[in-house]
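The values are calculated or read from the model by the stated rules, or taken from the named source; none is laboratory data. Small disclaimer: the values here were computed from a predicted structure and weren't measured. Here Cβ is always computed from backbone atoms with ideal geometry, including for glycine, and neighbour counts include all displayed protein chains. For accessibility, only protein heavy atoms count, side chains too; no ligands or nucleic acids. Shrake-Rupley method; radii C 1.70, N 1.55, O 1.52, S 1.80 Å.
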Amino acid sequence: MTTTSVPSSESWLEVAPLQARDALLGLLPESLHWIASSVLAIAVLVGAFGLMFAYLTLAERKLLGRIQNRPGPNRTGWAGLLQPFADAVKALTKEDIVPRDADKVLHALAPVSLVALSLIGLAVIPFGRHLVAIELDAAVLYFFAAGAATELSIFMAGWASRNKYSLLAAMRALAQLISYEVPLLLSVVPVVLVAGTLSTTAIVAAQGGWAAGFWPHWHVLTPWGFSAFCLFMIAALAESNRSPFDLPEAESELIAGHLTEYSGFKYALFFMAEYFGMAALSAMAVTLFLGGWQAPLGWLEVLPSYVWFAAKLLALLAGFIWIRATFPRLRIDQLTRLAWKFLVPMALLNLANAAFWSLTAGWSGPLQAVRWAVSLAAVVVPFLLLSRSLFSGLGPRVYRYAPS
Amino acid sequence: MIGKGLLQGLAVTARNLVGSYHDPDRYTTIEYPEVKPALPEAYRNFPFLVAEKAEDPLGTLRCVACQICEKECPPQCIYIVMDRDEKGKARMKPKVFDIDTSVCMSCQICVEVCPFDAIKMDQVFEIATDERFNALLLHRDQLAKTNTYFHQIHPTEAAEVDARLAAEKKAAEEKAKAAAAAKAASAKPAPAAPANPTPPPAPAP
Amino acid sequence: MFDANPAASPSARVRKVEPSSFGFQPSSVPPPAGGGGDLLEISLGPHHPSTHGVFRMNVVLDGETVVRLKPVFGYLHRNHEKLGEGTSYLGSMPYTDRLDYLNSMTNNWAYAIAVEKLAGLTVPERAEYVRVILAELTRLLNHTCLAGFLMQDCGCSGTPLMYAFRERERILDLFESLSGSRMMCNYQRFGGCRVDPTPAWLAAVAQLVDRYGPFLDEFEELLTGNEIIMARTQGVGRLPAALAVNAGVTGPMLRASGVGHDLRKVDGYGVYPRLNFRVPVGDHGDVYDRYMVRVLEMRESISLLRQALAALPGGPVLDPKAKQRGLRPKAGEAYGRIEGPKGEIGFYLVSDGTANPYRYRVRPPSFVNLTVLEDLCLGHTVADAVIILGSIDIVLGEVDR
Amino acid sequence: MSLAFLALALVCVVTASAAMISRNLIHSALLLVLTWIGLAGLYLWAGADFVGFSQAIVYVGGVSMVVLFAVLLTRRQRDEPLVLIPEAGVGRVVAGLAATFWVAALLVPAMVVAPLVQRAGPGPTLTVKRIGELLAGPHLVAVLVVGVILTVSLIGALYLAAPVTAEDQPEWDNGGTGRDRGNQEEPS
């Protein structure tokens, strides 16, 4: 955690986490403070996100259930609230099966490295006004560098299992990563361009305030920002292997893909990593586009900043689940085609759009309307053209009836 | 416009999410062990044997061990041995009546072919057991259930059966009476049930 | 994996794949996963999540593209036809429930028609209408389930399947309250039906029919316009009309290929000639057409149900003279067929005058439609093979018998 | 030399050597990824945060995938040894020694001339901004030229890789299996 001095003007809820940290550190000798502070930050992050993972699995199953008009898990504890712990006990007590021909080292290493890599990205996310584990100038870069190797772990899992389904999953994971890393990064560049910084705290700070008193300066509320947000979320879905891009897992095609030969706690670790990855990318999206911990309206700032962050994060995660409940899966060639023929060109055009937005920051009055119109057109027109070419030859059909 | 279908789909799932909280037409789950499903009257499961009296179920079985059901049972899960006295004369009662419920496919053909309305379909479906062989082979004493029970589970059908049996009995008695009046006192009384099984009457709706 | 000549063209590589390599050879240990060879042989099934039962597809992949596919079945073989020769005519009726266990009502009907032809029985008017009602309910049930399963194969996380099953349950409830069993109805009899439907039951059917249209609207809203589904299914698994006809494909699959052949029109069995309905046909013969033709058929079924309910006459539902037990038809043969939800379901019976059929043979639509599986899948990816199999609409109880 | 540097250097050297020695191509590739991670760590240690993170994104996230793809698509038989360790001939030994000599001749003077720094420089501060200014200012032309060259090579690669001609079409893709049903004109 940062050691910025606590402003006294803020509400006690806002500063409560810092005071708790200081109180804990006060129990230790001065010489241990630097390490204790880091350990505390790690412990809080792992604890909070671990708990969130546990209840996210429950929330996903509940939400999926309700969307499918069934109750979801409701037997363990009140309304199923103990279900995650029952699952954990089950996963821990299950036999850990390693196939005879498997590459044992990689087979064991894959889930561990995946969890670790999914988690370290969280270090640079500002969860609240004063809550960021590490202040980095190149924090955005760090985040994507940390997440770059996650699909490598999936590849390891798939390859080490010595199972043909797993191998196909490994190949798919590689193809997916190569395709989606590019639009993911490209959709972030406009934000960096406009905010003029790679630091996450500075990007959040740049989104503070309101235009005309009610329109927050969040990036998502600009044409280029909305476009970049959508691109980022699509790429994030693919990066975290969530439906409709869950091709490495693809249970109707590859049984469980890279997870086929995993059981017990290793399997649980993969799940944990999936949710950590999902949470990390959503947290990044909140930071980059949704104003981070900023409240949507001035008078809503009575709630502490981290509550706003959590609310936005949970909303995005619910969106992930909602999408999973609704969409079918893409095919691997369609997946890569979508990335290269739609997302990448859109992201590049969006970059130009953001540059225009950045250059015209001084326009006001009627010029402001022109600025919005141009930027909006620069999003809508390429979208229509690109999507039409992407879906050429497809569409609703008219059916005839046999003459009787 | 591309993406419209996707948004429509999201709207449908959202509607169902909300609907599952207030619309019983969408949220149709019955939480089974706590809430028992309402079985329709026609529901059938494994067969049972109808007995007249609860005090002596085995003694008052309607079954006369004619073995028609045994012959007609498609998976051949019924096994019947006629009860005989010391001289080998048939007592018109089953000594052994076994139904292997692990083989039975609940098709109701035994019920349809039975001329004596002696075997009917039960509605007990919670028959799970941890013993695959003996526990699923039901014997005479386990199969015998009273007519009252039959009335409870299939009231319409049971009422019809009772009415028919009563009518048949009355007809038989009158016939016997007429025969007795016409012939001398030495004539034997006719049996309670027709000697030749008639084809099964059309089942009750 | 196969010994492939690196210099060979893809076609030469394909020729290297000999059918003998598909046998059950315990020694053919899977080759190393980490590379080598160009072709990958995968056994999709028999316990694979989307083979619709215990079915196995031995596929040879070039990358993810299917270059060879061999269906392997028989895992659910129950000796159905031979059992039929050892069982009385009546005793085979409950066995037909278990052929295509989703559509026991239509199986019953086809079998009943065969026996009625053999024994020269007539069916009361009311029973004919009841049969139409049940067959069309079965069609709704089958097509709804199929759409759900197909979307599950496409990768939907169960949502369409759950909606489909919710509606299917309502139809099963109706079957249960009429026949006593949800799926194994054993309802048709020679010369009519076993139970006369009560007015309350008919009212429940009318209610279900009224709500089915809106359900289909919502179902289609979720799926039909979905761009991902269009991308996944359009142009995938095209079945040319000529191949469909030559392979004996029937049912919605044939009609999706553009051949308007429907036994309800062609044979005009039952009271179908008196009812008004159209036969939808597709122009492309791909998975999307197969899905859409079924959806359109469901809409026709709703209209058929309305007409049949309105025209339902009174009277008995079972010819009282028709003998059920101990039926001994005169020596001869008969083939009874109807348009089942999956296609032409037919029963061929030969009688030698005894109580058991001398020969008993089923013409199962699933099995015949499955024969074009390889032709449909070649050149597509594994993911497509799965949805092509799903769109054929098989039930392994009927394929393996 | 700090402990961190020693640890990072050890990681790099050990994993690089292991990657060379390993008989399993996939293991080699994954060890190579570890080496790159170690290198990224070295950059970070030296205060070059941008280069360090870029190293991670580009090499760990991108190049490693390409390497693994290449390995997976390479044909190899089951029992064939992966790394060819041939019988040592005189020529090979000489060639090896020569290569070693040349590498050493390049590296050793460099190390002597520019001794290793004893400690990490000042913390990573403004390197990103500085790099941006340099790339967009004095080196703009170079950046543009490199960009054009890369784009051209990318398009060329796409052109070479795309199978579009009719003779490239595999036999199984002719719309049927050549079985003698179908292929006739469609019935009306």
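Just one residue in the set B:Ala42, B:Ala14 is within 12 Å of another protein chain (Cβ to nearest Cβ), open to solvent by less than 50 Å² (accessible area, probe 1.4 Å) and under 24 Å from A:Gln68 (Cβ atoms); that residue is B:Ala14.
Yes or no: D:Gly47 under 12 Å from the mean Cα position of the chain (by Cα), modelled with pLDDT under 80 and either surrounded by 12 or more Cβ atoms within 10 Å (Cβ to Cβ) or among the charged types (D, E, K, R) (or both)? Against the criterion (under 12 Å from the mean Cα position of the chain (by Cα), modelled with pLDDT under 80 and either surrounded by 12 or more Cβ atoms within 10 Å (Cβ to Cβ) or among the charged types (D, E, K, R) (or both)), D:Gly47 does not qualify.
Scanning region C:184-213 for residues that are more than 9 Å from every other protein chain (Cβ to nearest Cβ), over 19 Å from C:Glu169 (Cβ atoms), assigned to a loop (DSSP other than H, G, I, E, B) and out of contact with any strand residue (DSSP E or B) (no Cβ under 8 Å at 6 or more places or on another chain) yields a single hit, C:Phe190. Quick one: in region A:192-222, of everything that is away from chain D (no Cβ under 14 Å), more than 22 Å from A:Val379 (Cα to Cα) and of a type in the set (Gly, Ala, Ser), which residue is surrounded by the fewest Cβ atoms within 10 Å (Cβ to Cβ)? Taking the candidates together, the pick is A:Ala212.
Of A:Leu141, A:Leu131, all but one fail to be touching a residue at least 40 places away in the same chain (Cβ under 8 Å) and in contact with an Asp or Glu (Cβ under 8 Å, 6 or more places away or on another chain); the exception is A:Leu141. A single member of B:Tyr27, B:Tyr79 is open to solvent by 60 Å² or more (accessible area, probe 1.4 Å) and either without any contact (Cβ under 8 Å) to a residue 60 or more places away in the chain or in a helix (DSSP H, G or I) (or both), and it is B:Tyr79. The set of residues from region C:214-246 being free of Cβ contacts under 8 Å to residues at least 24 places away in the same chain and within 12 Å of chain D (Cβ to nearest Cβ) comprises C:Ala242, C:Val245, C:Asn246.
Here the condition is being touching a Pro at 6+ places or on another chain (Cβ under 9 Å), assigned to a helix (DSSP H, G or I) and modelled with pLDDT of 85 or more; of A:Leu351, A:Leu385, it holds for A:Leu351 alone.
Taking the conditions (1) touching a strand residue (DSSP E or B) at 6+ places or on another chain (Cβ under 9 Å); (2) crowded, with 22+ Cβ neighbours inside 10 Å in turn, C:Asp352 satisfies each one other than (2).
Considering region A:381-395, the residues that are more than 7 Å from every other protein chain (Cβ to nearest Cβ) and touching a helix residue (DSSP H, G or I) at 6+ places or on another chain (Cβ under 8 Å) include one that is nearest to A:Leu338 (Cα to Cα), namely A:Leu390. For C:Gly237, the conditions (1) open to solvent by less than 10 Å² (accessible area, probe 1.4 Å); (2) closer than 15 Å to A:Pro396 by Cβ are fulfilled apart from (2). Contact map, region A:354-368: first residue at pLDDT below 80, second residue open to solvent by less than 70 Å² (accessible area, probe 1.4 Å), Cβ cut-off under 7 Å, separation 6 or more or different chains; pairs are A:Trp363/A:Arg371. For residues that are in contact (Cβ under 8 Å) with a residue 40 or more places away in the chain and at the interface with chain B (Cβ under 10 Å from one of its Cβ atoms), scanning just region C:87-115, find the one that is surrounded by the most Cβ atoms within 10 Å (Cβ to Cβ). Once the filter is applied, the top-ranked residue is C:Met93. When the test is whether a residue is of a type outside the set (Phe, Trp, Tyr), in contact with a Gly (Cβ under 6 Å, 6 or more places away or on another chain) and open to solvent by less than 10 Å² (accessible area, probe 1.4 Å), C:Asn186 does not pass it.
Considering B:Lys93, B:Lys53, the condition of being touching a residue at least 12 places away in the same chain (Cβ under 8 Å), away from chain C (no Cβ under 13 Å) and either open to solvent by less than 50 Å² (accessible area, probe 1.4 Å) or not in a strand (DSSP E or B) (or both) is satisfied by B:Lys53 alone.
A quick yes/no check of all residues on (1) buried (at least 20 other Cβ atoms within 10 Å of the Cβ); (2) within 19 Å of A:Ser375 (Cα to Cα); (3) at the interface with chain D (Cβ under 9 Å from one of its Cβ atoms):
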site	(1), (2), (3)
A:Ala149	yes, no, yes
A:Tyr165	yes, no, no
A:Ala169	yes, no, no
A:Pro190	yes, yes, no
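Of all residues in region B:11-37, those being over 33 Å from the mean Cα position of the chain (by Cα) and closer than 16 Å to C:Gly158 by Cβ number 7.
Can you name every residue in region A:1-30 that is assigned to a helix (DSSP H, G or I), modelled with pLDDT under 75 and open to solvent by 70 Å² or more (accessible area, probe 1.4 Å)? Passing the criteria: only A:Trp12. Considering A:Arg337, A:Arg324, A:Arg329, the condition of being within 30 Å of C:Gln152 (Cα to Cα) and not in a helix (DSSP H, G or I) is satisfied by A:Arg329 alone. So which residues in region A:105-147 are away from chain D (no Cβ under 13 Å), farther than 23 Å from D:Leu34 by Cβ and touching a Leu at 6+ places or on another chain (Cβ under 7 Å)? Scanning region A:105-147 gives A:His130, A:Ala133.
Conditions tested, residue by residue: (1) modelled with pLDDT of 85 or more; (2) among the polar types (S, T, N, Q); (3) farther than 30 Å from A:Gly72 by Cα.
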site	(1), (2), (3)
B:Arg26	yes, no, no
B:Pro40	yes, no, no
B:Pro47	yes, no, yes
B:Arg84	no, no, yes
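For region C:260-287, a residue qualifies if it is open to solvent by less than 30 Å² (accessible area, probe 1.4 Å), free of Cβ contacts under 8 Å to residues at least 40 places away in the same chain and within 13 Å of A:Tyr399 (Cα to Cα), and the qualifying residues are C:Val279, C:Pro280, C:Val281, C:Gly282. Among the residues of region C:379-388, is there at least one that is within 13 Å of another protein chain (Cβ to nearest Cβ), touching a residue at least 40 places away in the same chain (Cβ under 8 Å), open to solvent by 10 Å² or more (accessible area, probe 1.4 Å) and out of contact with any Phe, Trp or Tyr (no Cβ under 8 Å at 6 or more places or on another chain)? So far as region C:379-388 goes, yes, one or more of its residues are within 13 Å of another protein chain (Cβ to nearest Cβ), touching a residue at least 40 places away in the same chain (Cβ under 8 Å), open to solvent by 10 Å² or more (accessible area, probe 1.4 Å) and out of contact with any Phe, Trp or Tyr (no Cβ under 8 Å at 6 or more places or on another chain). Mind checking whether some residue in region A:284-307 is open to solvent by 10 Å² or more (accessible area, probe 1.4 Å) and within 14 Å of chain C (Cβ to nearest Cβ)? Checking region A:284-307: not a single residue is open to solvent by 10 Å² or more (accessible area, probe 1.4 Å) and within 14 Å of chain C (Cβ to nearest Cβ).
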